[in-house]
Structures are given as C-alpha cells and as structure tokens.
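**Q** Just passing along the structure, written as structure tokens.
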Amino acid sequence: MRRKTRSCCFPSCRLPAGRRGPAVLLALALLALSGCGGGKDDSLRIGAALYTQDDTFISAMAQDLEGLVREAESGTGEKITLFIADGKSSQNTQMDQVDRFLARGCDVLCVNLVDRTAAAVIADKAEAEGVPLVFFNRQPVAEDIQRWDQIYYVGADARESGELQGRLVLDAWRADRESLDRSGDGILQYVMLEGEPGHQDSLLRTEYSIKAVVDGGVEVEKLANETANWNRAQAAARTAQWLEEFGDGIEVIFSNNDDMALGAIDALASTPRERWPLIVGVDATAPALEAVAAGQLYGTVHNDGRGQAQAMLDLTLALWNGEDPGQAVDLAEGHYVWLPYRQVTLENLDEFLEK
Ligand code: GAL
C-alpha cells in the first residue's frame, strides 16, 4: 500500500486559514519546515467512540473492528493504532473523548453517537482539525452529514430491517395460521418491545414491521408497546407484566433487537407454559442464534456489524491514503455506506453460525 502523505491530500490543507484549527496550523507549520512529505508520525491513528460498550451488538462490532485492524496491519505492514472509548451512555463523556482523540492526533474519527442530535458539534470539531469523521450505527440527520465533505455514515437501512422482520411473521402466518392465531379470531394480537426512544432503528423497525404484516393482508391488534432501551433485563420486566395482563392472548412478540427478544424469552421461561408466542428480533447476535437453534426465537434479521466495521476501516484507509473513498466502499450520495440486512430462521441458520 503506497501512502500519499497526509499533508498533501487531507482536506485540512484546503481549508481557508480562518477555519483551520490550532492543530492544523501547527501541522502546516511543521510541514513548511520539513516539506510536503514530512509528517509527525507514519502510523495511522483511529479514534472510535462507542455510545456504550454495554450493548451486545455494539461491543461485538468493536471487537470485529479490532480484529480487522490487526488483519489490515499484518496484511499491509502498516502500523495502525485503534483507540476505543466507551461513552457510557453520556454525551458529555463522549464529547471529552472526541476532544482527547483530536488532541492525540487521531487521523480519522469513527463515532457511534450517544445522542444523535449532538452530531453537529462533533462534526464542527472534526472539520476544524481537518480530521475526517465516520459516524456509524446511530444516524445523524442529513443536514449534519452534509456539513462537510469529509463526513460519512456507515450503517444499515432501519426500514429494511423492519420490513424483513414483519415478513418473517407474515410467512409464519401464511405457513401455519392456525397455530399462530391462537384465539382463532383471524386477527394477529401482538406486543412490541421498542429500543431507545428517538433512535432511527426503534422508530422505523416498529413502524415497518407492522406495515409489512398489514400490507400482506393480515389484520393486527396491538395489545401493548413499550421501550426497553435495547436491554435484556428491561425487556424481561416488560414482558413479565404483559404476560400477567394478557396471558395467552399475546400471539406475537415483536422486538426491535435480539437482546430484548432474549429478555422476553427469559420472562416466558421463568414460568412453565404450554405454548409460547412467536418471537422475532433483529441483529443475529451469537446468543440470539442459539435461541433460534433452540426453537425459542422464531427468527431474527442479521445486522451486519462485521460488514459495517469493514466498511469503516476501508473508508478510513482510503482517506488516510489519499484515495477516492468511492473506490474503496459503495458510497451513496457521497456520504453513506449501507450494509444489507438478511432474514435468519432455522432454515438458513447454519450460514450465520459459521460466521
Ligand atoms: C441497533 C441494534 C441494537 C443496538 C443499537 C444501538 O442497530 O439493532 O441492538 O445495538 O443499534 O445503537
């Protein structure tokens, strides 16, 4: 891999002097002394900020990123340093972490926002230092992504995951309506476990899962919905309440992610019962795949965390090397990388277990 020098290709060089941050000005001063090829350090430094490490899908994705960085290092002989910071669900903490990454001279930032509305502040900090920024998993509004041409978003289309989850239920209904429609009233009674309020995946999965079922010609009745913040224990508590309230009246449990679906399973498993509602999740985490194998989770939708980590790294390396990022990843509208979702049931489980 031939690295072009950061000084010649990074957008900081193109910024008007008034908009350059102190670190950029210092870097430019050093470059003036040492020529265009001179950099402070030859290694690539990536700062990755997670909204919390206490999230099954996000921590697996961070591990994937670490593994991919090590592979890239040994494959290319380049030294890559990856800093990972746990935001512990506090936007203030994450702001400090971003400041520290910039002060340490990180070349690219990868940010999984705690609060999606904080994107603009981080974008402005990164732009002021001329450091490209890759948001991931928690999608900022389009205006924030478009603030600067070196801002990207890597993720998966939330609406698609909702539709695929809804179609899992629709297929189950069509295949064996009698066992799903326990009440025999021709209506599908459901409860919905929702992720964090305001998260694009909570809003769109909730909406589009049900829309897919209704569009498939099935009448539905919502018994209850509540947030469990992506969290297994909170979901177990909500489900236990609903089981008391509705008993066997619940025919399907839709869950915005797998951890909450596993919480519902915990609640169901805690008291012996003859029949379980159909349960569906999203993510295809390792414990969820086990639950599919055990017949407790009917199905899930694979959220390609490894693919997203790979896309972040490819983007980062392209930017670092001064290459066109559009050649390294499939870039939509100059800023977005979208990874596809896939349905998982007992039928194709093996494909995912092998990964
Ligand atoms: C979603 C994922 C959830 C949770 C959330 C965090 O994409 O399905 O399990 O990790 O991201 O932002």
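**Q** Can you tell me which residues in the stretch 193-219 are over 25 Å from residue 115 (Cβ atoms) and among the charged types (D, E, K, R)?
**A** Once the filter is applied, which keeps residues that are over 25 Å from residue 115 (Cβ atoms) and among the charged types (D, E, K, R), the stretch 193-219 yields 211, 215, 219.
**Q** Condition check: in contact (Cβ under 8 Å) with a residue 12 or more places away in the chain, surrounded by 14 or more Cβ atoms within 10 Å (Cβ to Cβ) and assigned by TED's automatic domain parsing to the domain that holds residue 80. Does residue 328 satisfy that?
**A** yes
**Q** Also, quick follow-up: What's the number of the condition residue 114 fails, among (1) closer than 22 Å to residue 329 by Cβ; (2) in a loop (DSSP other than H, G, I, E, B); (3) touching a helix residue (DSSP H, G or I) at 6+ places or on another chain (Cβ under 6 Å)?
**A** The number of the failed condition is (1).
**Q** Which residue, of 273, 306, is surrounded by fewer than 24 Cβ atoms within 10 Å (Cβ to Cβ), out of contact with any Pro (no Cβ under 6 Å at 6 or more places or on another chain), over 30 Å from residue 177 (Cβ atoms) and of a type in the set (Lys, Arg)?
**A** Residue meeting the stated conditions: 306.
**Q** Oh, and also: Residue by residue through the stretch 256-296, note down the ones that are away from the ligand (no atom under 14 Å from the Cβ) and assigned to a loop (DSSP other than H, G, I, E, B).
**A** 270, 271, 272, 273, 274, 275, 276, 277, 294, 295, 296
**Q** Further question on the same structure: If you take the residues in the stretch 331-355 that are assigned to a helix (DSSP H, G or I) and in contact (Cβ under 8 Å) with a residue 24 or more places away in the chain, which one is farthest from residue 209 (Cα to Cα)?
**A** The selected residue is 353.
**Q** Counting only residues that are in contact with a helix residue (DSSP H, G or I) (Cβ under 6 Å, 6 or more places away or on another chain) and among the polar types (S, T, N, Q), which one in the stretch 147-185 is farthest from the ligand (Cβ to nearest atom)?
**A** 150
**Q** Which condition number does residue 217 fail, the rest of (1) surrounded by fewer than 17 Cβ atoms within 10 Å (Cβ to Cβ); (2) part of a helix (DSSP H, G or I); (3) of a type in the set (Gly, Ala, Ser) being met?
**A** Unmet for residue 217, out of (1) surrounded by fewer than 17 Cβ atoms within 10 Å (Cβ to Cβ); (2) part of a helix (DSSP H, G or I); (3) of a type in the set (Gly, Ala, Ser): (2).
**Q** May I pose another question? Output the residue which, of all residues in the stretch 86-111 that are within 16 Å of the ligand (Cβ to nearest atom) and crowded, with 22+ Cβ neighbours inside 10 Å, is farthest from residue 198 (Cα to Cα).
**A** Among those residues, the one meeting the criterion is 110.
**Q** Of the residues that make up the stretch 186-193, is at least one more than 16 Å from the ligand (Cβ to nearest atom) and assigned to a loop (DSSP other than H, G, I, E, B)?
**A** yes
**Q** How many residues are over 30 Å from residue 295 (Cβ atoms) and β-branched (Val, Ile, Thr) when one looks only at the stretch 319-355?
**A** Adding up the residues that qualify gives 2.
**Q** Sticking with this one: When you look at residue 294, is it of a type outside the set (Val, Ile, Thr), loosely packed, with under 14 Cβ neighbours inside 10 Å and modelled with pLDDT of 95 or more, yes or no?
**A** yes
**Q** So, of the residues in the stretch 228-255 that are within 19 Å of residue 344 (Cα to Cα) and in contact with a Phe, Trp or Tyr (Cβ under 9 Å, 6 or more places away or on another chain), which turns out to be nearest to the ligand (Cβ to nearest atom)?
**A** 254
The values are calculated or read from the model by the stated rules, or taken from the named source; none is laboratory data. Everything numeric here is computed off the predicted structure, so don't read it as measured data. In this analysis, Cβ positions are derived from the backbone assuming ideal geometry, glycine residues included, and neighbour counts consider all displayed protein chains.
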